[in-house]
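The values are calculated or read from the model by the stated rules, or taken from the named source; none is laboratory data. Quick caveat, the model's predicted, so the values are computed rather than measured. A quick note on method: Cβ atoms are made from the backbone with ideal geometry, for glycine too, and the neighbour counts reach across all protein chains shown. The accessibility values were calculated without ligands, DNA or RNA, using every heavy atom of the protein model including side chains. Shrake-Rupley method; radii C 1.70, N 1.55, O 1.52, S 1.80 Å.
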6 protein chains.
Amino acid sequence: MKDSKSKIAIYPGTFDPATLAHIDIIKKAATMFDEVYVAVARNTSKSPFFTEKERLSFIEQAFEGVSNVKVEIFDGLVVDYAKQKSSSIIIRGIRAVSDFDYEFQMAIANHKLESEINTVFIMPSEDYFYISSRLIKEIATFGGDLKSLVPEYVGEALIKKLSKK
Amino acid sequence: MKDSKSKIAIYPGTFDPATLAHIDIIKKAATMFDEVYVAVARNTSKSPFFTEKERLSFIEQAFEGVSNVKVEIFDGLVVDYAKQKSSSIIIRGIRAVSDFDYEFQMAIANHKLESEINTVFIMPSEDYFYISSRLIKEIATFGGDLKSLVPEYVGEALIKKLSKK
Amino acid sequence: MKDSKSKIAIYPGTFDPATLAHIDIIKKAATMFDEVYVAVARNTSKSPFFTEKERLSFIEQAFEGVSNVKVEIFDGLVVDYAKQKSSSIIIRGIRAVSDFDYEFQMAIANHKLESEINTVFIMPSEDYFYISSRLIKEIATFGGDLKSLVPEYVGEALIKKLSKK
Amino acid sequence: MKDSKSKIAIYPGTFDPATLAHIDIIKKAATMFDEVYVAVARNTSKSPFFTEKERLSFIEQAFEGVSNVKVEIFDGLVVDYAKQKSSSIIIRGIRAVSDFDYEFQMAIANHKLESEINTVFIMPSEDYFYISSRLIKEIATFGGDLKSLVPEYVGEALIKKLSKK
Amino acid sequence: MKDSKSKIAIYPGTFDPATLAHIDIIKKAATMFDEVYVAVARNTSKSPFFTEKERLSFIEQAFEGVSNVKVEIFDGLVVDYAKQKSSSIIIRGIRAVSDFDYEFQMAIANHKLESEINTVFIMPSEDYFYISSRLIKEIATFGGDLKSLVPEYVGEALIKKLSKK
Amino acid sequence: MKDSKSKIAIYPGTFDPATLAHIDIIKKAATMFDEVYVAVARNTSKSPFFTEKERLSFIEQAFEGVSNVKVEIFDGLVVDYAKQKSSSIIIRGIRAVSDFDYEFQMAIANHKLESEINTVFIMPSEDYFYISSRLIKEIATFGGDLKSLVPEYVGEALIKKLSKK
């Protein structure tokens, strides 16, 4: 018999753009929790390379037909977004090459702001350990091969956008 | 509406003895997953301070009446235990003062052994960041105050056992 | 009987703004050394959020009436400021989530520049481990609760300044 | 008898400006490999302090008359530059105060892009552990002593350039 | 034209037993240097699982017919062994999950003992990042699959030896 | 005018044996605090190489005639020893190659046990960064040069003791 309450998790990030590491983490999260909200940060201060709509759409395309993954744009504090979704679980990806310190600091701060809310860290599969959005933009700029790094349509969008600059 | 499949997680460890950090992580896990199996490693090579029955009982006492937390002794590979419980989620605590490297290595190895199984890392609340089983035994040996470190009955058992040595 | 020479320490930083972690470290330092000079870096290249006068005044308010803590604005090399104050002790806060590498590099460089000058690292109490000035500005921007992060008057100044932007 | 194939290594970087740590690493590399190409990244996005010609010339001056060290300006992907030089060895300096995560990520990414190409990490001698180009610019700005940090002519160029700003 | 002096590197370790990560690093080293001496530490204090002859033979089998890789048992200081082989290059594997601190300390100490001798760090390919000799023995003990971790003959030897204990 | 209360610090450790890094840290501490008690842990569980009397005497020899450095053997909790000496300052050495995690955990635990007691971390000078007691025993075992690692009399005692085993 199941606990009657759905387990809802949110996965906030900038996703500029979504990589195969992000997509792998979302897939894993979707097997662990009843519902996963991917929360694309509007994040105007960082001046993202892709617009929020583009960043949202890249993830939506990867999870078309997956009923327990939803993608939304969000603004404000992560804990406020979590409460709005009745979620008490924040997902963060963690890689061998992550910025642990910042991740830990955010997790503690979010827990201080809302003591009911906890962060879980999920590792992508080994093949995606080394991927970061920053790296992908560097490789794309110099014409490197993006095949094993991002979904094909993201690679095409990157190249198209770079050629216009 | 809920996904029809229960989300079962296992939390393996030596728990020699269970600290307030371990108990905090189990509590958090119990809100995140439908069922949590705490798997106490028999772990003969490390020659634990407490017997496996004592280690199991310390956790059981803390979760009496909590229906979705079960405590068991296990032996062998963690991934084999997970499969036996129909679980694909391994929980590991992670602290600012954890041995990340070893944790990562284990998580990757377990994922290699069983690609369906993933590890999630959960942080204890800030108050329990600094607690480790090793530290507790050191403090107990020299008569330090264990109140904010372990459940009261664990503290008493530690002192009793040390006085017999 | 005491050594006749006063132990003078300096604590340089940007303090943009001072957090409860900074204030906790200054309090600890004031019990350890005869005099503590908090040195607020003018730091024009980082374009601080608060003016140097505001940053100085936030700390002064917290230490009004504490006779062995003095707050000053400084410019130039930390080691030159230390010598000017007849100090051979630089204090730096260190957190579980600090940028160790940079801190170490600065400590070594300062020691190379003036071999008489050494750096001591002090940890804030556990409650302030997770606080950074960067985090505070993010939380304030989105209307999060600043109560356990900064002195009340700093929180008010932050909100006031943000509302004008 | 020797393997008939020359071992060629490349050492890419911004070198803005070259420090005694960089020069020490190049010297070590020159004893390890038959030829070393120091590849000065044009790197327009980071807006370097010195022009690419200045950065190249600082290194060239240090290795005048050393026949197996060549200095060039490069653009694009590091792996493409390596292939162009028939090199399968990328050298990166590693210090106690390095950004390991980024270094590892780049090494893995380069290996993914070209599986024949590997990265080796070389440590500078202990005396140069603490030196970074960023630190040097900070010290120069405030009139600190640059003697044990950069070649004399780099120190003079730094001071001259800063005085014009 | 080539430098007339051969580049000889040594790769010291316990290799108890050699994993696919070790073998990958030796392969990479063999493309970088003219000769590679794999130096199996007799290492009596650690009481290795396999005898020195077994540990040597596991590596020799993997490099049969590779003329520039030689495997030897050594004793004493690594720098003395290096000098005996006219080598000034020590190779150490480095993994995302390595014990950097110890590696750095050894590298600095060896450089202090013999200033002509330097350490280079080589990463294994991504597939071997997570492998350690300690992990392999744990997995073997509980009957886990060793296929992607060690050469087949090492796996067989492990199982055989464990069954006798 | 000076604060009337003396600043007393304790520096606990195993010191098995004292290295030039330990001695450098004690020297620095002696310039920072009015009195420094070096507390040599009896530490029976680790089975030290040198007896407690030998370990104490190595440090005493280095500070003969230095009136504000005292060396004592201690037992029990560090915080109890600190209280006994009316000290609220624990000194710990910190190196680029330290075990930070353990140091942090101890510092937090000690602060929890006695909230008046704080830990300060002091770095040895660059020349001693790489030295650890463990390393020294390894080097001594194989006849390596100990000159720049330990005081001469410690080196002689090491060699004498090793020759008897």
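Annotations for the structure displayed:
- Test: residue in segment C:128-135 that is hydrophobic (A, V, I, L, M, F, W, C) and either in contact with a strand residue (DSSP E or B) (Cβ under 9 Å, 6 or more places away or on another chain) or more than 14 Å from chain A (Cβ to nearest Cβ) (or both): no
- Boolean, F:A140 is of a type in the set (G, A, S), open to solvent by less than 30 Å² (accessible area, probe 1.4 Å), more than 18 Å from F:R55 (Cβ to Cβ) and out of contact with any Cys (no Cβ under 8 Å at 6 or more places or on another chain): no
- Residue in segment A:114-125 that is out of contact with any Phe, Trp or Tyr (no Cβ under 6 Å at 6 or more places or on another chain) and more than 17 Å from B:I122 (Cβ to Cβ) present: yes
- Filter result for C:L77 (open to solvent by less than 50 Å² (accessible area, probe 1.4 Å), more than 23 Å from F:E103 (Cα to Cα) and under 17 Å from the mean Cα position of the chain (by Cα)): yes
- Any hit, segment E:136-151, residues being more than 11 Å from chain B (Cβ to nearest Cβ), in contact with a Lys or Arg (Cβ under 8 Å, 6 or more places away or on another chain) and of a type in the set (V, I, T): no
- Taking the numbered list (1) among the small types (G, A, S); (2) assigned to a helix (DSSP H, G or I); (3) open to solvent by less than 30 Å² (accessible area, probe 1.4 Å) in turn, C:S163 passes all entries but (3).
- For segment E:22-51, residues that are within 26 Å of E:K161 (Cα to Cα), open to solvent by less than 50 Å² (accessible area, probe 1.4 Å) and away from chain D (no Cβ under 14 Å) total 10.
- Applying the condition of being at negative phi and not hydrophobic (A, V, I, L, M, F, W, C) to segment E:59-73 and asking which residue is surrounded by the fewest Cβ atoms within 10 Å (Cβ to Cβ) yields E:E64.
- Pairs, first under 17 Å from F:I94 (Cβ atoms) in segment F:26-40, second among the acidic types (D, E), C-beta under 8 Å, six or more apart: F:V38/F:E72
- Members of segment F:128-137 that are crowded, with 19+ Cβ neighbours inside 10 Å, in contact (Cβ under 8 Å) with a residue 24 or more places away in the chain and in a helix (DSSP H, G or I): F:Y128, F:S133, F:I136
- Pair list, Cβ under 6 Å, 6 or more apart: segment B:101-127 residue facing chain E (nearest Cβ under 9 Å), other residue assigned to a helix (DSSP H, G or I) and buried (at least 22 other Cβ atoms within 10 Å of the Cβ): B:L113/B:V79
- Filter result for A:S115 (polar (S, T, N, Q) and farther than 26 Å from C:L149 by Cα): no
- Among (1) at pLDDT below 95; (2) crowded, with 20+ Cβ neighbours inside 10 Å, the one test that A:S4 misses: (2)
- Test: residue in segment E:65-87 that is out of contact with any Pro (no Cβ under 6 Å at 6 or more places or on another chain) and under 16 Å from D:V120 (Cβ atoms): yes
- Any hit, segment F:140-156, residues being touching a strand residue (DSSP E or B) at 6+ places or on another chain (Cβ under 8 Å) and either of a type in the set (F, W, Y) or on the phi > 0 side of the Ramachandran plot (or both): no
- Criterion violated by B:D145 - all others in (1) in a helix (DSSP H, G or I); (2) at pLDDT 85 or above; (3) surrounded by fewer than 22 Cβ atoms within 10 Å (Cβ to Cβ) satisfied: (1)
- Assessment of segment C:81-97 against the conditions (open to solvent by 40 Å² or more (accessible area, probe 1.4 Å), within 14 Å of chain A (Cβ to nearest Cβ) and either within 16 Å of the chain's Cα centre (by Cα) or touching a residue at least 40 places away in the same chain (Cβ under 8 Å) (or both)) yields at least one matching residue.
- Those residues of segment F:22-47 which are at pLDDT below 95, in contact with a helix residue (DSSP H, G or I) (Cβ under 7 Å, 6 or more places away or on another chain) and of a type outside the set (K, R), in sequence order: none
- Any hit, segment A:65-77, residues being under 17 Å from A:N118 (Cα atoms) and within 14 Å of another protein chain (Cβ to nearest Cβ): yes
- Residue within segment C:100-114 that is touching a helix residue (DSSP H, G or I) at 6+ places or on another chain (Cβ under 7 Å), within 19 Å of C:T19 (Cβ to Cβ) and modelled with pLDDT of 85 or more present: no
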